[in-house]
Every structure is written in C-alpha cells, then in structure tokens.
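For reference, the structure is listed below as structure tokens.
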Amino acid sequence: MVAKIIDGREVARKLRGEYAVRVSELKAQNGRAPGLAVILVGDNPASQVYVRNKVRACSDVGIDSKFIALPANTTQAALLQQVDDLNGDMTIDGILIQLPLPPHIDIRDVLERISVEKDVDGFHLYNVGGLVTGSTVFSPCTPYGVQKLLEHEKIPVEGANVVVVGASNIVGKPTALMLMSQDATVCICHKKTRDLAQFTLLADILVVAAGVPGLIVPQMVKTGAVVIDVGINRLPDGTLIGDVDFEGVRQKASYITPVPGGVGPMTVTMLLHNTIVSAERTLAASKR
C-alpha cells in the first residue's frame with residue numbers, strides 16, 4: 001500500500017476560487033470588500049513571512065487587508081487601544097494578532113480584547129469554549145483546515161478512532177473537540193504520554209501536531225490509517241519537515257499530508273473563509 005498524498009495546495013486553490021466569488025458578491029451588495037486587519041508586534045523574521053503570506057492571500061481573493069506593524073517595545077496599553085480601534089472600525093471584519101508576542105505582553109488579555117465577532121483566528125475564550133458546546137462563532141484556522149481536508153477526501157470521521165498527538169490550545173485540543181463533535185472517538189496524546197505507539201497504532205485517523213521532527217515512524221502507524229501531519233520543523237540546513245517520517249509512513253497509510261504543502265496552505269485559507277463569513281454576517285444583520 002502506498003498512501004494517496006492529500007494536496008493541501010490544490011484544495012486551498014479550489015476553495016479560494018469559491019471565496020473570490022463570494023467576495024465579489026459582497027462587494028456588489030455591500031459596496032466594499034471584506035476587511036482583515038493583521039497586527040505584527042516586533043520584527044520576528046518567521047512572523048514577517050507568515051504575515052506577508054496572509055496579506056498576499058487576501059489580495060488573491062479580493063479581501064482588503066490592513067497591515068499594522070508595531071515596534072517590539074509597544075506597551076500592552078497601546079496594543080489594547082489598537083485592538084479597540086479596530087473593533088470599532090466598520091470596514092474591518094476580522095482582526096488577527098500575529099503570534100508570538102513580545103514577552104512583556106499578556107497574550108491572553110490581548111486575544112480576549114478582540115471582539116468575538118471579529119476573532120477570525122478563533123482564539124478568543126468564547127470561541128475556544130464554544131468548541132465544547134457547539135456554539136463557536138469562528139473555528140480555529142488550523143484545526144478547521146484539517147477538517148476541510150478530511151471532508152475534501154470524503155474520509156469518514158463518524159465512528160472513527162482518532163488519535164491527536166499534541167495537546168496545544170491552538171491545534172491539538174481544538175482539533176480533538178472538532179472531530180469529537182462529528183462523533184469520532186478521540187484520544188489526545190502529549191509529551192507525558194507513556195508508550196506513544198500503543199495509542200497511535202489504534203488510530204484510523206492520526207493527527208500529529210507535536211513539533212517534533214520525525215516523531216511518528218512506520219511501526220507506530222496502523223496499516224491503512226489516515227495520517228495528517230500538522231508539524232512544521234526547520235532543520236539546520238533550512239529544510240522543512242513534519243512530525244511524521246513521510247516516506248516511511250507513506251508505505252503503510254491510506255492517505256497522508258506532506259510538509260510543506262499539506263495543512264499549511266489550509267490554515268491561511270480558513271482565515272480567509274472566516275473573514276468572509278464575518279462580512280456576510282454583518283451584511284445580513286444590517287438588512288434586518
């Protein structure tokens with residue numbers, strides 16, 4: 001068995017084509033395109049790359065992006081005021097704070113200052129808690145991207161044994177909650193899990209988001225499993241690899257995502273989706 005590679009770039013291109021149509025319809029009905037504000041504090045090189053990719057993606061589908069670059073010594077109060085200003089700006093449908101923030105900034109305080117209706121990253125406490133009750137306004141972008149890849153490939157989630165390796169608030173936990181809401185049986189493993197392989201071998205769907213290069217090797221994967229690699233690790237030579245031994249596991253799995261080109265493009269695409277949905281909701285509310 002050789003796994004089918006799930007091409008995240010191709011799925012993202014297809015979805016972005018659909019989103020461009022929705023943006024055009026919004027422009028015609030609302031007189032403006034959806035607006036996304038991206039705030040970058042400091043000059044972290046990786047963050048600068050991520051922000052450029054997001055701004056470019058907005059341009060590709062017709063979303064207006066507002067990039068706000070703040071110095072690393074920006075105070076907490078000044079950043080909160082910037083968020084308040086954007087919350088009140090009727091041309092802005094989504095607000096994104098690029099992480100990480102400088103150490104003197106209270107990340108939780110800043111993220112929770114964003115209006116729930118503009119929290120297109122899905123990090124507000126309300127949206128995270130909403131994953132438990134099914135009442136979230138916006139789903140976090142990376143887990144949502146994982147869900148969309150499974151949907152695109154028509155991989156059944158209901159009743160499947162799902163193992164999520166990695167328990168972060170950004171990827172692992174929300175991914176588990178989203179798949180559990182689709183009636184999957186979900187197990188979350190983390191850095192304190194003993195004998196990781198005894199859990200991963202049970203997985204019909206294995207989602208790996210541990211940030212450990214090459215953590216999952218073939219003998220840890222059930223034959224025919226679906227393997228979604230969310231990890232992205234840069235080696236000393238600059239090569240990007242995931243958390244899964246891609247070539248080895250590919251010989252046992254039924255589906256597998258590559259790194260790069262798997263989940264990554266979907267994360268930005270779901271950010272576009274959430275921004276468009278926010279604009280559509282605002283337009284619908286204005287007509288009531």
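What follows draws every value from the coordinates through simple rules; no lab data is involved. Remember, predicted model here, so these are calculated numbers, not experimental data. Neighbour counts run over all protein chains shown; Cβ positions are idealised from the backbone, glycine included.
Every residue, every condition in (1) β-branched (Val, Ile, Thr); (2) closer than 30 Å to Val83 by Cα; (3) part of a helix (DSSP H, G or I), yes or no:
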{"residue": "Phe138", "(1), (2), (3)": "no, yes, no"}
{"residue": "Leu149", "(1), (2), (3)": "no, no, yes"}
{"residue": "Pro156", "(1), (2), (3)": "no, no, no"}
{"residue": "Val164", "(1), (2), (3)": "yes, no, no"}
{"residue": "Phe199", "(1), (2), (3)": "no, no, yes"}
{"residue": "Leu202", "(1), (2), (3)": "no, no, no"}
> Within segment 17-65, which residues are assigned to a helix (DSSP H, G or I), touching a Leu at 6+ places or on another chain (Cβ under 7 Å) and farther than 20 Å from Gln98 by Cα?
Replying inline: Tyr19, Leu26, Gln29, Asn30, Val61
> How many residues are under 13 Å from Gly42 (Cα atoms) and β-branched (Val, Ile, Thr) when one looks only at segment 64-116?
Replying inline: 5
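Results for (1) of a type in the set (Gly, Ala, Ser); (2) buried (at least 20 other Cβ atoms within 10 Å of the Cβ); (3) under 30 Å from Thr223 (Cβ atoms); (4) within 21 Å of the chain's Cα centre (by Cα), shown as yes or no for each residue.
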{"site": "Ala20", "(1), (2), (3), (4)": "yes, no, no, yes"}
{"site": "Asn44", "(1), (2), (3), (4)": "no, no, no, yes"}
{"site": "Cys58", "(1), (2), (3), (4)": "no, yes, no, yes"}
{"site": "Thr74", "(1), (2), (3), (4)": "no, no, no, no"}
{"site": "Asp84", "(1), (2), (3), (4)": "no, no, no, no"}
{"site": "Thr91", "(1), (2), (3), (4)": "no, no, no, no"}
{"site": "Pro102", "(1), (2), (3), (4)": "no, no, no, no"}
> Just checking, which of Glu117, Glu153 is in contact (Cβ under 8 Å) with a residue 24 or more places away in the chain, under 19 Å from Met266 (Cβ atoms) and either touching a strand residue (DSSP E or B) at 6+ places or on another chain (Cβ under 8 Å) or among the acidic types (Asp, Glu) (or both)?
Replying inline: Glu153
>> Here are the criteria: (1) touching an Asp or Glu at 6+ places or on another chain (Cβ under 7 Å); (2) buried (at least 16 other Cβ atoms within 10 Å of the Cβ). Tell me which single one Gly159 does not satisfy.
In response: (2)
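Before we move on, is Tyr126 in a helix (DSSP H, G or I), surrounded by 19 or more Cβ atoms within 10 Å (Cβ to Cβ) and aromatic (Phe, Trp, Tyr)?
Values: in a helix (DSSP H, G or I): yes; surrounded by 19 or more Cβ atoms within 10 Å (Cβ to Cβ): no; aromatic (Phe, Trp, Tyr): yes.
When the stated conditions are applied, Tyr126 does not pass them.
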>> Need the failing condition index for Ala72 against (1) without any contact (Cβ under 8 Å) to a residue 40 or more places away in the chain; (2) out of contact with any Pro (no Cβ under 6 Å at 6 or more places or on another chain), just the number.
In response: (2)
> Do we find that Ser168 is small (Gly, Ala, Ser), surrounded by fewer than 15 Cβ atoms within 10 Å (Cβ to Cβ) and on the phi < 0 side of the Ramachandran plot in this structure?
Replying inline: no
> Taking the condition without any contact (Cβ under 8 Å) to a residue 40 or more places away in the chain, more than 18 Å from the chain's Cα centre (by Cα), surrounded by 23 or more Cβ atoms within 10 Å (Cβ to Cβ) and farther than 30 Å from Arg281 by Cα, does Thr200 pass?
Replying inline: yes
